[in-house]
Structure formats: C-alpha cells, structure tokens
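Below is one structure; the comments refer to it alone.
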Amino acid sequence: MSSYSITEPSRRQKWFAGVLVVLYALITILPLVWIIGTSFKTPSDAIAYPPKTFFTPTVEGYVNVFTTRTRLTEEQLQAVGEPQTWYDRLVRKDGLVISGPSRFAERFTNSVIIGFGSTVLCIVLGTAAAYAFSRFKVPLKDDLLFFILSTRMMPPIAVAIPIFLMFRSLGLSDTHAGMILLYTAVNLSLSVWLLKGFIDEIPVEYEEAALIDGYTRFQAFYKVVLPQAATGIASTAIFCLIFAWNEYAFAVLLTSGNAQTAPPFIPTIIGVSGQDWPAVAAGATLFLVPVMVFTILLRKHLLRGITFGAVRK
Amino acid sequence: MAQIRIQNVRKEFGAFTAVRSSTFTIEDGEFFMLLGPSGCGKTTTLRMMAGLELPTSGEIFIDGEEVGMKPASKRDIAFVFQMFALYPHMNVRKNISYPLVSQGMKREEVKTRVQEVARILKIENILDRPVGGLSGGDRQRVALGRAIVRQPKAFFMDEPLGALDAEFREHMAEELRALHDRMGATTVYVTHDQLEAMQMGDKIVVMNHGVVEQFGKPQQIYDWPATKFVAQFIGSPSMNFLDFEGMIGIGGKSVDLGEAKIEVPAAREGRAGKLTLGVRPEHVRFATESAYRGRVTAVEYLGTTQIVTLRSSHGDLKARIPSDRPVREGELVGLAFDARTLSLFDAETGKALRSDANDGVLGHG
C-alpha cells in the first residue's frame with residue numbers, strides 16, 4: 001500500500017494492538033479459568049503437583065459447597081442403606097453421607113439482598129441528588145460536591161473502628177439493613193458524581209418542553225430525564241453492585257451469624273479432611289454469576305456509558 | 001387565542017439585570033417578533049411569558065389573567081425550542097401526542113388530532129419514525145406539530161429557524177408565516193435576525209441591554225428608528241450617521257452640516273449641541289449641484305443596485321444607488337438626501353428627536 005493516512009493505523013500497528021489486547025485478555029482471564037477448572041476437580045487433583053491441566057471433571061465441589069458431610073463407619077453405612085440420589089452416590093464413594101445443607105445458600109442470598117439492595121438505594125438517592133445538583137440552584141453547590149467526593153479520599157476501612165462501635169450501639173451489627181446502609185454510604189458519592197455528569201449532558205430543554213406540555217416537574221423528571229439517563233444509571237449501577245458484591249473487609253468485621261455475605265464465608269469452607277479447594281472454587285465460581293449476568297444484561301448501556309461525556313448527541 | 005400583556009417586567013440573575021422594566025402588549029392573533037442582539041434579554045422575556053423563568057417583579061397577563069407566578073404547565077401555551085427538544089426516546093407520533101396525553105385525552109381523539117396536524121404539516125409519512133434520524137426540516141415540523149396539536153392560547157418560539165441551514169430557513173419562514181395565517185394564533189417569536197423579523201412579523205419589539213428600545217410595525221421601525229441602536233441594528237447596510245455640532249428649534253426644517261444646509265422633517269422638539277443626522281443608504285442621491293460632498297472610497301456591485309462607500313467631512317457613509325450610474329473610486333460627488341426620510345438623534349443619549357414625520361411611532365411600548 002502506497003497511500004498514507006494519519007488516522008488509519010498501518011497493518012503492523014493493528015497487528016501489534018491485537019497481540020496486546022489478546023495478551024491482556026489472557027492475563028485477566030487466566031485466574032478465572034483456573035478457578036472454574038478447580039471447581040470441577042477432585043480434591044486430590046486440585047492439590048496435585050505438578051498442577052493438572054487435564055483431568056476428569058466432577059461436580060463434587062458443587063455438591064460439597066452446598067452440603068455438610070459426615071464420615072461413617074462400615075456398619076453405620078450399612079444401617080443408612082443404599083444412596084438414593086446422584087449426589088448421595090457421589091459422596092458415598094469416599095465413604096461419606098450428606099448430613100445437611102451448608103450455609104452457603106443462605107450466605108449467597110445475603111449477598112444478593114445486601115448487594116442489590118444497596119445498589120438500588122444508591123441509584124435512587126444518587127439520581128435524585130444528581131438531578132438536584134445538575135438542575136437547581138443549590139447553595140454552596142461546589143463545596144457540597146467536593147464534600148461528597150471527599151468521603152472517598154481515604155479507604156473506607158480506615159473508619160472501620162468508629163463504624164464498628166456505631167453499629168454496635170445502634171444495633172446494626174450483623175443486620176441486612178446495616179450492611180445495606182454501609183455500602184450505600186460508601187458508594188453514594190461515586191453514584192452522585194457519575195450520575196451528575198450524565199444528567200448534565202441531557203439538555204434542559206427536554207424537561208422544559210415537558211413542563212410546557214402540561215407535565216409537573218416530577219413527571220418531567222420521571223418520563224423524560226430518566227429514560228435519557230438510562231445509560232448512566234446502568235453503568236453506575238454496575239459499579240455500585242461490583243463494589244458491594246465484592247466487599248470483604250467490612251463483611252468480615254461486621255457480620256457473623258445472621259447477615260454474613262458470601263465473600264467472608266467462602267474461604268471458611270472446610271471439607272471433612274482438610275481444606276476442600278474444589279468446594280471453595282465452586283463457591284467462588286457461583287459467586288461470579290450474578291454480577292456477570294447483571295453486567296451482560298446491562299452491557300448495551302454500559303458500552304455507551306463508559307465513554308460518558310465524550311460524545312454529544 | 002389571546003392577548004398578552006407585559007407590564008413593568010423585570011428579571012435579575014444575581015447582580016445581573018437581564019430585563020429592565022419592560023412593558024408592551026401583544027394583540028390577539030399577532031405574529032410578534034422579539035428582536036435584539038444576543039444577551040439583550042429577548043429570550044429571558046419569552047421564557048418569563050412561558051413560565052420557564054419567574055419575573056423578579058412585574059406582571060404578565062395572558063388572556064386577561066395574571067400568570068406571572070404560574071407554572072408553565074398551567075399557562076396553556078406552546079413553546080418551540082431552538083434545538084427543537086424533541087423527546088429522543090419517542091417516535092414522531094408519540095412526540096406530537098405527548099401534550100395531549102398529559103391532558104388525559106381519549107386515545108381515539110389523540111389519534112385524530114395527531115393525524116390532522118400531520119396532514120397540515122405534511123409529515124404523515126414519518127409519523128412512525130424515531131426522531132433521531134430526521135432531517136432538520138422534519139424535526140422542525142415535528143416540533144411545530146407538538147406545539148399546534150393542543151391548540152394553545154399562544155405559541156412561543158425561540159429562534160426556531162436558527163438551527164436550520166440558510167437555504168432551508170427561507171422556505172421554513174414562509175411555511176411558518178402561512179401556518180400562522182391559517183391558525184390565527186398569537187405567536188411570539190424571538191430572533192436576532194432583523195431580516196427574519198421584518199419579513200415575518202406583524203409587530204416588532206427591539207431590545208438591547210434588557211431595555212425595550214422600540215415597539216411598532218416593521219416599516220415604522222425601519223423608517224423611524226427611536227434610537228441610534230435601532231437605526232443601526234435594522235437594515236443592511238445600516239443607517240448612516242453623520243455627527244455634527246448644531247442646533248434645531250421647534251418647527252425648524254433644516255440643519256447645517258458645515259457649509260451645507262440640509263432639509264429635515266419639521267422638528268417638534270428643539271436641541272442644541274452634539275447631534276447626529278441619520279440617513280438610510282437608499283435615501284442618498286448623487287447630485288452634482290449639492291453643496292454636501294463626499295469622495296468615493298469603495299464600490300460594491302449587487303446586481304440592480306450598488307453600495308457606494310463615501311468619505312464626507314462628517315464621517316463615512318454608504319449610498320445605495322442604481323448600478324447603471326458609473327462610479328469610480330476617488331471620485332468627488334455631490335450628495336443629496338431625501339428630506340422626508342431623515343432622522344435626527346441626540347448624539348449623547350442616542351434618542352431620536354421628535355419631528356412631524358416620526359411623531360407617534362417612537363413608542364417604547
């Protein structure tokens with residue numbers, strides 16, 4: 001090719017860029033692949049050295065993560081009788097019987113309630129605050145916005161002790177409401193700032209047109225601004241959910257019996273004989289699913305949202 | 001349909017005063033132009049009429065009812081925005097029917113009304129299209145459709161042709177005027193384009209720095225500007241100003257510009273000191289016998305006419321003369337002015353002096 005263009009990358013540049021992207025994707029995805037792989041191994045395959053890349057897959061890890069098991073003697077096994085279900089048979093190979101459900105399902109549900117609950121609260125409060133900051137004359141607006149952002153200027157865990165004491169005296173320790181409140185408080189500043197950026201981009205004329213067309217301010221906000229802000233709301237929701245979903249330190253500190261989320265629970269999964277790595281991996285794999293589904297559902301909005309502010313409509 | 005009255009309306013944004021005590025009346029069925037340079041307060045005035053801004057003080061009457069503090073949704077008016085502000089998440093039909101839906105109108109009736117409006121605007125074929133891909137002209141028509149569909153008391157338009165390209169603007173201006181004549185609704189139209197204002201308006205208010213400079217019919221404003229600002233803002237090329245020291249008494253019919261005695265309409269107020277003689281380029285004639293002379297510095301050929309720029313002892317001026325008169329640069333020519341068309345201004349205040357010719361049309365509202 002003899003033509004030369006400064007905007008069109010050359011073939012070599014494209015090739016180089018492609019290699020970089022693939023390399024980066026590999027580095028990112030490798031730990032995930034390893035965890036998912038481990039979740040389908042037997043405990044002995046999981047700790048084999050050198051590590052096994054090829055193995056006979058089993059769902060034992062998944063059965064183990066949802067159950068507790070007991071080792072019985074031959075006579076006791078005789079007394080229990082033949083295993084009835086496929087998962088009974090699976091554990092019986094190792095001379096075990098299922099003695100009950102584990103707390104994983106419960107912890108997972110806690111994660112869903114707390115993660116999605118705080119995300120919804122963040123979006124509702126964040127959108128309302130962002131709209132007010134974007135459209136109305138708020139006294140000391142700039143100072144307030146700075147103040148809101150300043151809550152993110154140190155790691156949240158730095159205030160763990162005051163929060164721990166506060167939660168204890170307010171009776172919020174180890175409650176769903178407490179964790180939802182905490183994650184909302186941490187995420188709200190991000191949510192307000194992101195959403196304000198998105199709402200600023202929506203021309204105010206749309207609302208004015210709706211006001212003149214006979215709608216109230218709230219109807220104009222609800223029917224005209226919100227659909228326009230869908231992109232921003234979707235990407236903000238993903239950021240909020242990912243933070244709340246993955247949060248570990250506060251969850252360890254503030255929850256135990258009742259409102260414990262999955263992150264502090266998963267590493268405590270212990271098998272009958274030693275650490276049950278496939279079960280841990282299975283728990284981690286399952287834990288990934290909700291965020292992935294949520295992100296894929298909102299992907300259409302997310303791709304547009306990531307370039308927020310860059311393109312005028 | 002309604003009369004709109006603006007009384008002592010004032011708007012301040014913090015320390016900045018956007019509109020200073022405006023007063024004027026828009027008669028029922030008028031096509032009314034709010035004209036002025038950017039930042040003159042015309043859009044703010046319109047937005048106060050529409051209820052998108054609240055006046056700091058003063059009263060606004062629509063159809064005899066004081067609406068100054070009423071929300072926009074309660075005023076029964078329609079607004080066409082410069083950027084059209086079509087709801088981007090709705091198609092054309094939904095955009096047009098949106099104001100009707102808010103009134104809780106029955107679906108069947110909404111449908112007929114939208115169809116009717118689409119027929120008038122010739123947009124029936126795009127009713128089910130999303131608004132995103134429409135051309136500027138079609139967007140404009142949809143915005144108009146959304147305005148006329150509810151048959152409001154008045155239409156407010158904020159530079160609605162500003163976003164269109166020049167070629168199409170002309171066409172759309174005609175369409176707008178025709179639509180107005182057909183509907184007969186009171187229309188208030190904001191523009192900074194003096195040609196657009198004169199072409200379309202029944203009446204014009206010229207504003208500058210938040211003040212109403214003049215109020216009247218387009219021709220009155222063109223012929224008898226109330227201030228030097230209006231004289232300069234309206235007309236292209238704008239009115240010539242010849243500054244001189246002199247005097248005129250009540251009933252005086254001439255002024256002295258150096259050696260030359262220039263006839264003017266009989267004065268109704270006298271003034272002495274710094275004055276300005278205002279003359280439109282088309283009222284300047286070449287006259288060899290005239291004592292007032294100028295030297296040609298430039299010539300612009302415009303087809304049937306030509307614009308000749310001249311240097312006189314009282315400043316530069318432009319003359320619009322037929323192009324069959326050959327003109328050379330550097331030529332010294334005698335200049336005569338059409339006495340019936342001249343305006344005299346007080347050079348200090350910029351206000352026109354009253355004369356037999358302009359009396360009664362220098363209204364400030």
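Quick check: residue separation of residue A:137 and residue A:106 times 0.36 nm, minus the Cα distance between them. What number comes out in nm?
Working: separation 31, 0.36 × 31 = 11.16 nm, distance 4.62 nm.
Between residue A:137 and residue A:106, full extension yields 6.5 nm more.
Counting each DSSP H run of 4 or more residues in chain B as -39500 (n - 2.57), what helix-only mean residue ellipticity at 222 nm follows after dividing by all residues, to the nearest 500 deg cm²/dmol?
Working: 8 runs with 85 residues, N = 365.
Result for chain B, helices only: -7000 deg cm²/dmol.
Tell me which residues come under 5 Å, amide H to amide H, from residue B:321 once H is placed; ignore anything under 5 positions away on its chain.
B:306, B:308
When N is the residue count of segment A:1-152, what does its C-alpha Rg come to as a fraction of 2.2 N^0.38 Å?
On the way: Rg = 27.8 Å, N = 152, 2.2 N^0.38 = 14.8 Å.
Relative to the rule-of-thumb radius for its length, segment A:1-152 sits at 1.87.
Considering only DSSP states other than H, G, I, E and B, which trypsin sites (Lys or Arg not before Pro) in segment A:112-165 qualify as loop sites with at most 11 other Cβ atoms within 10 Å?
Numbers: sites: A:135, A:137, A:141, A:152; in loops: A:137, A:152.
Filter output for segment A:112-165: A:137.
Could you tally the net charge around residue A:181, taking each other residue with its Cβ under 15 Å from the Cβ of residue A:181, Lys/Arg +1 and Asp/Glu -1? Display every interim value, and only then the final one.
Numbers: positive: A:168; negative: A:174, A:247.
Residues near residue A:181 contribute -1 overall.
Modelled label-to-label distance, residue A:17 and residue A:159, 7 Å Cα→beta-carbon offset: nm?
Taking the simple label geometry, residue A:17 and residue A:159 are separated by 4.3 nm.
What value, in deg cm²/dmol to 500, does the helix sum -39500 (n - 2.57) over DSSP H runs of n ≥ 4 give at 222 nm once divided by the residues of chain A?
-20000 deg cm²/dmol
Which of A:27, A:296, A:270 ends up with the largest GNM mean-square fluctuation for chain A, with Cα atoms connected below 10 Å?
Answer for the Gaussian network model of chain A: A:27.
Rg/Rh for segment A:105-268 to two decimals, with Rh computed the Kirkwood way over all alpha-carbon pairs. All intermediate terms of the calculation are to be shown ahead of the outcome.
Values: Rg = 18.0 Å, Rh = 17.1 Å.
Across segment A:105-268, the Cα-based Rg/Rh ratio is 1.05.
Any chance you could give the angle, 0 to 90 degrees and rounded to 10, that helix B:92-102 forms with the longest Cα principal axis of chain B?
80 degrees
Roughly what angle does helix A:11-39 make with the longest principal axis of chain A, taking Cα atoms, 0 to 90 degrees, to the nearest 10?
That works out to roughly 40 degrees.
Within 10 Å of each residue's Cβ, count the other Cβ atoms and sort B:187, A:295, B:297, B:304 from fewest upward. If you can, show how the numbers build up before the last one.
On the way: B:187 26, A:295 16, B:297 13, B:304 8.
Going from sparsest to densest Cβ surroundings: B:304, B:297, A:295, B:187.
Please report, in debye to the nearest 20, how large the charge dipole of chain A is about its Cα centre when each Lys and Arg carries +1 at its beta carbon and each Asp and Glu carries -1 there. List each step's numbers first, then the result.
Working: 25 positive and 20 negative charges, 144 e Å.
Roughly 700 debye, rounded to the nearest 20.
If you place +1 on the Cβ of every Lys and Arg, -1 on the Cβ of every Asp and Glu, and leave all else neutral, what size is the dipole of the protein assembly as shown about its Cα centre, to the nearest 20 Debye?
Numbers: 71 positive and 67 negative charges, 255 e Å.
Its charge dipole is roughly 1220 debye.
Work through the residues other than residue B:239 whose Cβ is under 12 Å from its Cβ and net out their charges, Lys, Arg +1 and Asp, Glu -1.
+2
Just the number, please: Stokes-Einstein D of segment B:228-346 in µm²/s, Kirkwood Rh from C-alpha pairs, 10 °C, 1.306 mPa s.
Details: Rh = 14.6 Å.
The estimated diffusion coefficient comes to 108 µm²/s.
Please work out whether segment A:23-71 counts as rounded, prolate or oblate from its C-alpha gyration tensor, where a ≥ b ≥ c are the square roots of the eigenvalues and a/c under 1.5 means rounded, while otherwise a/b larger than b/c means prolate and anything else oblate? Before the final figure, lay out each step's value.
Details: a/c = 3.05, a/b = 1.81, b/c = 1.69.
Because a/c hits 1.5 or more and a/b exceeds b/c, segment A:23-71 counts as prolate.
At 7 Å along the Cα-to-beta-carbon direction for both residue B:103 and residue A:149, put a label point, then send me their distance in nm to one decimal.
4.7 nm
Starting from the Cα gyration tensor of chain A, multiply each eigenvalue by 5, take the square root, and state the resulting semi-axes largest first in whole Å. Could the numbers behind the result be given before it?
Details: eigenvalues 415, 174, 63 Å².
For chain A, the semi-axes come out at 46, 29, 18 Å.
Could you calculate the contour length gain from residue B:282 to residue B:325, that is, 0.36 nm times the residue separation minus the distance between their Cα atoms, to one decimal place in nm? Display every interim value, and only then the final one.
Working: separation 43, 0.36 × 43 = 15.48 nm, distance 1.42 nm.
Result for the pair: 14.1 nm of gain on full extension.
Grab the Cα-Cα distance for residue B:129 and residue B:175, subtract it from 0.36 nm times how many residues apart they are, and report the gain in nm with one decimal. Present the calculation step by step, with values, prior to reporting the outcome.
Numbers: separation 46, 0.36 × 46 = 16.56 nm, distance 2.23 nm.
Full extension from residue B:129 to residue B:175 adds 14.3 nm.
In the protein assembly as shown, with Lys and Arg counted as +1 and Asp and Glu as -1 at Cβ, which of these residues, B:315, A:79, B:221, has the Cα nearest the positive end of the dipole, that is, farthest along it?
Highest projection toward the positive end goes to A:79.
Under a plain spin-label model, where a point goes 7 Å from the Cα along Cα-to-Cβ, how far apart in nm are residue B:232 and residue B:54?
Label at residue B:232, label at residue B:54, 3.8 nm between them.
Evaluate the charge dipole of segment B:228-346 about its Cα centre and quote only its size in Debye, nearest 20, assuming +1 on the Cβ of each Lys and Arg and -1 on the Cβ of each Asp and Glu. Before the final figure, lay out the partial values.
Numbers: 16 positive and 15 negative charges, 29 e Å.
So the dipole magnitude of segment B:228-346 works out to roughly 140 debye.
Could you give me D for segment B:108-259, from Stokes-Einstein at 25 °C and 0.890 mPa s, where the hydrodynamic radius is the Kirkwood radius over C-alpha pairs? Units µm² s⁻¹, please.
Details: Rh = 18.6 Å.
D, rounded to a whole number, is 132 µm²/s.
Just to compare against my own numbers: the Cα pair-distance distribution for segment A:85-150, 10 Å bins, whole % per bin, please.
Values per bin, smallest distances first: 16, 23, 17, 14, 10, 11, 8, 0.
For the protein assembly as shown, what is the largest minus smallest coordinate of the Cα atoms on each principal axis, given in angstrom and ordered from greatest to least?
137, 70, 54
For chain B, what size does the Cα cloud have along each of its three principal axes, sorted from largest down, in whole Å?
Over chain B, Cα extents along the principal axes are 78, 45, 35 Å.
Kindly put A:161, A:98 in sequence by how many other C-beta atoms sit within 10 Å of each C-beta, fewest to most. Let's see the in-between values first.
Values: A:161 10, A:98 20.
Sorted ascending by nearby Cβ count, the order is A:161, A:98.
Out of all DSSP beta bridges in chain B, what portion is antiparallel? Express it as a percent rounded to 5.
Numbers: 61 of 79 bridges.
In chain B, DSSP labels about 75 percent of beta bridges as antiparallel.
Every read-out reported here was derived from the displayed coordinates using simple, explicitly stated rules and does not represent laboratory data. Since this is a predicted model, take the numbers as computed values, not measurements. Backbone-built Cβ (ideal geometry, glycine too); neighbour counts: all protein chains shown.
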